[in-house]
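S.K.: Below you will find the structure I want to go over with you.
The values are calculated or read from the model by the stated rules, or taken from the named source; none is laboratory data. Keep in mind that this is a model prediction, so the values were computed, not measured. When we count neighbours, we look across all protein chains shown, and the Cβ atoms used for this are built from the backbone with ideal geometry, even at glycine. For the accessible areas, the whole protein counts, side chains as well, though only heavy atoms, and no ligand, DNA or RNA atoms are used. Shrake-Rupley method; radii C 1.70, N 1.55, O 1.52, S 1.80 Å.
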Amino acid sequence: MLLNEMTWMEIRELLPQNPVVIQPVGSTEQHGPHLPLQTDILNAYEVAQAAGERTGCLVAPPLPYVYSETWQTFPGTISFKPQTFMNCVSDIAESLVRGGFRKIFFLNGHNGNLAPLQTMIFQLLERYGREGEVLIGAGSYFMIAQEACAAIGDSFSDGTHANEFETSMVMQMRPDLVHVDRLGDWVYEPEFFLSFREGMTSAHKLPDSSRHIGVFGDPRRASQDKGRRYFEARVARVAEVVENFDPEYFGLGGGS
């Protein structure tokens, strides 16, 4: 059920059932020469809606603006500062809790949100976690069901942006937005700017649109069939999380 298509009285009637609210968050940023700026939020929102239809949970309107400074030199990219994005997450959670909701799941579609989302979850825990009546979680649709997705294609093994996985997902949902003719014979050599290895983090200069096409991975391997199977695997996993959205499922139960 879509939250913004309901009246406040209809929502009030649902509150005693303690429903989960999925809040999709994504980005408006470049995704190479072949994918639309809305790729991240499109994927997250479509997965959220499908999971909502299966579980009966509520799906809030998508948040399409996040931290996207990585692609600041690529025209069309719109970015919040990290603190602005975190404030948005905080305000959304506070509004939902104030309205009577007790289970909130931020479904992320953008890699750059990982650190600020995690930080914000800790801050929300400080605010609402003392009594244990509110459960707020965050997960990235592209990081779950990895085993199932690894059997389908390259997923994120060959890159993490506008790659085979993301291209296949958009091909499945909105083929009219994929410029297949632009895949061509680009040299898809990633210019990684952030690395995590053996517990260490290192950063390098950000990609520049004057010498980088904005793709990490090889989207030429994408297909609608892969996209359909990726989509189903992600939706099934998100639905499982929603159906079991309680402390025990997340390993947070205190026991007896």
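S.K.: Cβ contacts < 6 Å: first residue touching a residue at least 40 places away in the same chain (Cβ under 8 Å), restricted to the range 1-21; second residue among the small types (G, A, S), any location; separation 6+ or different chain. Result?
M.R.: L3/A60; L15/G100; V21/A60
S.K.: Right, next: Considering only the range 70-121, how many residues are of a type in the set (S, T, N, Q) and part of a strand (DSSP E or B)?
M.R.: 2
S.K.: Further question on the same structure: Output the number of residues of the range 122-141 satisfying the condition of being among the charged types (D, E, K, R) and part of a helix (DSSP H, G or I).
M.R.: So the answer is 2.
S.K.: Quick one: in the range 13-37, of everything that is among the polar types (S, T, N, Q) and part of a loop (DSSP other than H, G, I, E, B), which residue is nearest to V89 (Cα to Cα)?
M.R.: S27
Matching residues to (1) touching a Phe, Trp or Tyr at 6+ places or on another chain (Cβ under 9 Å); (2) surrounded by fewer than 19 Cβ atoms within 10 Å (Cβ to Cβ); (3) at negative phi:
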{"residue": "K103", "(1), (2), (3)": "yes, no, yes"}
{"residue": "F106", "(1), (2), (3)": "no, no, yes"}
{"residue": "G109", "(1), (2), (3)": "yes, no, yes"}
{"residue": "A115", "(1), (2), (3)": "yes, yes, yes"}
{"residue": "M120", "(1), (2), (3)": "yes, no, yes"}
{"residue": "R127", "(1), (2), (3)": "no, yes, yes"}
{"residue": "V134", "(1), (2), (3)": "yes, yes, yes"}
{"residue": "G139", "(1), (2), (3)": "yes, yes, yes"}
{"residue": "E147", "(1), (2), (3)": "no, yes, yes"}
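So that you can scan it fast, the table gives a plain yes or no per residue for (1) of a type in the set (A, V, I, L, M, F, W, C); (2) surrounded by fewer than 19 Cβ atoms within 10 Å (Cβ to Cβ); (3) touching a residue at least 40 places away in the same chain (Cβ under 8 Å):
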{"position": "I41", "(1), (2), (3)": "yes, no, yes"}
{"position": "E46", "(1), (2), (3)": "no, no, yes"}
{"position": "A51", "(1), (2), (3)": "yes, no, yes"}
{"position": "R54", "(1), (2), (3)": "no, yes, yes"}
{"position": "L58", "(1), (2), (3)": "yes, no, yes"}
{"position": "Q72", "(1), (2), (3)": "no, yes, yes"}
{"position": "I78", "(1), (2), (3)": "yes, yes, yes"}
{"position": "P82", "(1), (2), (3)": "no, yes, no"}
{"position": "N87", "(1), (2), (3)": "no, yes, no"}
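S.K.: Taking the range 210-256, which residues are modelled with pLDDT under 90, open to solvent by less than 50 Å² (accessible area, probe 1.4 Å) and either over 23 Å from the mean Cα position of the chain (by Cα) or polar (S, T, N, Q) (or both)?
M.R.: Residues satisfying the conditions are H212, G253.
S.K.: In contact with a strand residue (DSSP E or B) (Cβ under 9 Å, 6 or more places away or on another chain), among the aliphatic types (A, V, I, L, M) and at pLDDT 80 or above, is that true of V180?
M.R.: no
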